[in-house]
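Participant: This is the structure I have questions about; it appears just below.
The values are calculated or read from the model by the stated rules, or taken from the named source; none is laboratory data. All values derive from a computational prediction rather than experimental measurement. Here the Cβ is made from the backbone with ideal geometry for all residues, glycine too, and neighbour counts use every protein chain on show. The protein model used for the area step is the full one, side chains on, heavy atoms only, and it has no ligands, DNA or RNA in it. Shrake-Rupley method; radii C 1.70, N 1.55, O 1.52, S 1.80 Å.
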Amino acid sequence: MSALITPELVALDTYLGTEPKDVIRHLAELVVASGRATEIEALYADALAREAKTATGIPGGLAIPHCRSTAVLEPTLALARLSTPVDFGSKDGPADLVFLIAAPDGADQEHLQILAKLARSLMKKDFTAALRDASNTQQIVELVNNVVAPVAVAAGAHAATDSANTGTGSAQTGMKRIVAVTACPTGIAHTYMAADSLVAAAKAVGVDLQVETQGSAGLTPLDPAVIAAADAVIFAVDVDVRGRERFAGKPVINAPVKRGIDEPGRLIEEALAAALNPNARRVSGTVDQNDATEKSEHLGQKLKRALLTGVSYMIPFVAGGGLLIALGFALGGYAITEVADEVVLNNSLFNLPDGGMLTYLGAVFFKIGALSMGFLVPALAGYISFAIADRPGIAPGFVAGSVAGFMGAGFLGGIVGGLLAGIVAASFAKLNVPRWLRSLMPVVIIPLIASIVASGLMFIVLGGPIALLTVGLGDWLNGMTGASAVILGVILGLMMAFDLGGPVNKVAYAFAVAGLGAATLANQAPWQIMAAVMAAGMVPPLAMALATVLDRKLFSVTERENGKAAWLLGASFISEGAIPFAAADVFRVIPAAMLGAAVTGGLSMAWNITSKAPHGGVFVFFAIDNFLLFLLAVAIGTVVSAFAVVGLKRYAVRKRAVDAPEAVLVNA
């Protein structure tokens, strides 16, 4: 294993600017210059994205910007001892010691454990004091290596600070007991530093505290007996807690992970107070809707997360069902829709219908696909509700979705029904009920009441109006011809390329697949919309692949390698294949991708191209009518985007030039 840090990765007593982004960029440049990462822009962007989630300044004049990045080749630490401290968001002031921790996207456990050990060492004042006193870069390297070097442990011994779980030791009789979970988005630094801060604060006030660190170095769950004996629980997390149901019924304090570093004593005090308060908030039997991550979300973010969850779980039903229906048409012809029920019920492999084996298999495939597509609205509603209320929301969500389908409210009805079911289920999950009733709440009471309320409202109040709206929308789409259809295709193309698999892309895709169930030979508009969406979604990765061929010098080695993979990703309708290019140069890649995708979407609608399959790209050619025109539309959009991105990279505003000589890093 190579060294985590070398003298070339250390900048001593250097001025690196006045803002965190300036320091992070210079440290990223050191990492790339040392050959440990492939591209400055990608590493810099990933580190800044992590910084935007939570400030990385910590007490003691320290900052630990960190990230996982595909640009990083091996786990690396870069250190700057600043001559002019920079504010990284710590309450006690700016930082003069800044550590950039860069981990590969798929770093192995051994490396991640070393990084976690280093992060914990930063909480020790003697270690940071030694770093400040070091006179040269070699001393810095030796200090860090001494901290992260493996230490021989006698058989049977257990080093609390290096384990996944840390604690204050055995509890004394009468001592208050607290359990805690710490977790941050990357799981490299804050997770372990918060754990050690909480343990130290608990020890200072005579409280027994055991911490489960849910980080990159692995997870060792707390002993169930320890959880059962605890008086309260602290969730110092910025992400969802894994296995939250283990803590059901315990008084809970929710906080961001950084507060576990900055204010561990206050968290201990709040947990002790909650343990004595019979009205304190408690962990529900399934999911605590008041956790730290949700408290930081506003209503729009919560709705977006719920809708995207529903769409994500719905897509497999639609993708499989749509392909099976397309296979049914390919084998049995379009007339199979009229006889499929009769054929599958009255015939078998040993009693073939008129038309023989192809007709029988066509009917079977079509019917399986149609039944799968029948889950579109219930699955959408069920998993929207699940995103809001966890498992108790699934059943009422599916029921409300089924009611929406029964009443003809369709896709819109499924969204409304899922939201209603989730909100009702989540509301009842928050109730503080007697212990004997808690086990029945998620299994019987919540699903029953949420189903009655959500489905009752759909039947009595909402279903009819939403059905009328759905019918009106369908009639409008069916009537679209000429210029209006082309405009719709352009809009869908722009949406597909706007965020490459993100929320806007998913909205356009969901809009397309939601209509497939209503498509018929007499009403081919939904198939046309599906073809436009799929064709436009193929353009961004194909265009980036072509651009790397047109002008290789404009792209890094990593981007050229990504370009080779993007050919297949684009052909398969995986828009995310263009993300590595957008991440490195978003303001030139995204506009170029949107331009070509809009052209393709408009051409697809203008040429009346249809797709009965919701996914697959060129590999579902049998489900695409006018397949040659489909390929031509994709090719034209690809060429437009490729030349656009090459032109923008050549002639648009260039990246910031390297700073003046006085800002260049100097190792003292």
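Participant: Mind listing just one residue for me: the one in region 42-62 that is aliphatic (A, V, I, L, M) and at pLDDT below 85 and, of those, most open to solvent (accessible area, probe 1.4 Å)?
Facilitator: Among those that are aliphatic (A, V, I, L, M) and at pLDDT below 85, it is A52.
Participant: Still on this structure, please answer the following. Need the failing condition index for I368 against (1) without any contact (Cβ under 8 Å) to a residue 24 or more places away in the chain; (2) in contact with a Leu (Cβ under 8 Å, 6 or more places away or on another chain); (3) not hydroxyl-bearing (S, T, Y), just the number.
Facilitator: (1)
Participant: Quick one: V151 ticks every box in (1) surrounded by fewer than 18 Cβ atoms within 10 Å (Cβ to Cβ); (2) at pLDDT 90 or above; (3) not basic (K, R) except a single one, so which number is it?
Facilitator: For V151, the exception is condition (2).
Participant: Do we find that G374 is closer than 21 Å to A514 by Cβ and open to solvent by less than 10 Å² (accessible area, probe 1.4 Å) in this structure?
Facilitator: no
Residues are listed down the side, and each one gets a yes or a no for (1) under 19 Å from A598 (Cβ atoms); (2) open to solvent by less than 10 Å² (accessible area, probe 1.4 Å); (3) aliphatic (A, V, I, L, M); (4) part of a helix (DSSP H, G or I):
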| site | (1), (2), (3), (4) |
| --- | --- |
| Q528 | yes, no, no, yes |
| A531 | yes, yes, yes, yes |
| A535 | yes, yes, yes, yes |
| P541 | yes, yes, no, yes |
| V549 | no, no, yes, yes |
| R560 | no, no, no, yes |
| L569 | no, no, yes, yes |
| A578 | yes, yes, yes, yes |
| A583 | no, no, yes, yes |
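Participant: Could you figure out which of (1) open to solvent by 60 Å² or more (accessible area, probe 1.4 Å); (2) part of a helix (DSSP H, G or I) isn't true of Y360?
Facilitator: Checking Y360 against (1) open to solvent by 60 Å² or more (accessible area, probe 1.4 Å); (2) part of a helix (DSSP H, G or I), the one that fails is (1).
Participant: Same structure again: Residues to consider are V640, V589; find the one that is modelled with pLDDT of 95 or more and surrounded by 16 or more Cβ atoms within 10 Å (Cβ to Cβ).
Facilitator: Selected residue: V640, the only one of V640, V589 that is modelled with pLDDT of 95 or more and surrounded by 16 or more Cβ atoms within 10 Å (Cβ to Cβ).
Participant: If you go through region 606-637 one residue at a time, how many are within 25 Å of G369 (Cα to Cα) and either buried (at least 22 other Cβ atoms within 10 Å of the Cβ) or not charged (D, E, K, R) (or both)?
Facilitator: 20
Participant: Turning to a different aspect of this structure: In region 645-664, is there at least one residue being modelled with pLDDT of 80 or more and in a loop (DSSP other than H, G, I, E, B)?
Facilitator: Within region 645-664, not a single residue is modelled with pLDDT of 80 or more and in a loop (DSSP other than H, G, I, E, B).
Participant: While we're looking at this one, here's another question. Of the residues in region 188-202, how many are within 18 Å of I227 (Cα to Cα) and open to solvent by 20 Å² or more (accessible area, probe 1.4 Å)?
Facilitator: Within region 188-202, residues that are within 18 Å of I227 (Cα to Cα) and open to solvent by 20 Å² or more (accessible area, probe 1.4 Å) number 1.
Participant: Sticking with this one: Could you tell me whether any residue of region 345-353 is open to solvent by 10 Å² or more (accessible area, probe 1.4 Å), farther than 25 Å from I624 by Cα, at pLDDT 90 or above and touching a Leu at 6+ places or on another chain (Cβ under 7 Å)?
Facilitator: Within region 345-353, none of the residues are open to solvent by 10 Å² or more (accessible area, probe 1.4 Å), farther than 25 Å from I624 by Cα, at pLDDT 90 or above and touching a Leu at 6+ places or on another chain (Cβ under 7 Å).
Participant: While we're here: Of the residues that sit in region 237-275 and are in contact with a Cys (Cβ under 9 Å, 6 or more places away or on another chain) and open to solvent by less than 10 Å² (accessible area, probe 1.4 Å), which one is farthest from Q214 (Cα to Cα)?
Facilitator: This residue is V257.
Participant: In contact (Cβ under 8 Å) with a residue 60 or more places away in the chain, more than 21 Å from R120 (Cβ to Cβ) and more than 23 Å from the chain's Cα centre (by Cα): does that describe A37?
Facilitator: Judged against the criteria, A37 is a match.
Participant: Another question, if that's okay. Could you name every one of the helices (runs of 4 or more DSSP H) located completely within region 417-512 that has at least 3 residues being modelled with pLDDT under 90 and out of contact with any strand residue (DSSP E or B) (no Cβ under 7 Å at 6 or more places or on another chain)?
Facilitator: 435-438, 463-478, 482-498
Participant: Next up: Working carefully through the options L16, L30, find the one that is buried (at least 17 other Cβ atoms within 10 Å of the Cβ), in contact with an Asp or Glu (Cβ under 8 Å, 6 or more places away or on another chain) and assigned to a loop (DSSP other than H, G, I, E, B).
Facilitator: Only one candidate qualifies: L16.
Conditions (1) within 27 Å of K53 (Cβ to Cβ); (2) outside any helix (DSSP H, G or I); (3) out of contact with any Leu (no Cβ under 9 Å at 6 or more places or on another chain), marked per residue:
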| position | (1), (2), (3) |
| --- | --- |
| A201 | yes, no, no |
| I227 | no, no, yes |
| F235 | yes, yes, yes |
| R242 | yes, yes, no |
| G249 | no, yes, yes |
| I268 | yes, no, no |
| A273 | no, no, yes |
| N279 | no, yes, yes |
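Participant: Shifting gears a bit: Run down G456, G410, G382, G401 and say which single residue is open to solvent by less than 40 Å² (accessible area, probe 1.4 Å) and at positive phi.
Facilitator: Testing whether each residue is open to solvent by less than 40 Å² (accessible area, probe 1.4 Å) and at positive phi leaves just G410.
Participant: Same structure again: Filter region 162-192 down to the residues that are among the hydrophobic types (A, V, I, L, M, F, W, C) and modelled with pLDDT under 80, then identify the one that is farthest from the chain's Cα centre (by Cα).
Facilitator: Checking each candidate, the answer is M175.
Participant: Let me ask you something else. Out of (1) at pLDDT 80 or above; (2) over 28 Å from the mean Cα position of the chain (by Cα); (3) not β-branched (V, I, T), what's the single condition that is false for R391?
Facilitator: Unmet for R391, out of (1) at pLDDT 80 or above; (2) over 28 Å from the mean Cα position of the chain (by Cα); (3) not β-branched (V, I, T): (2).
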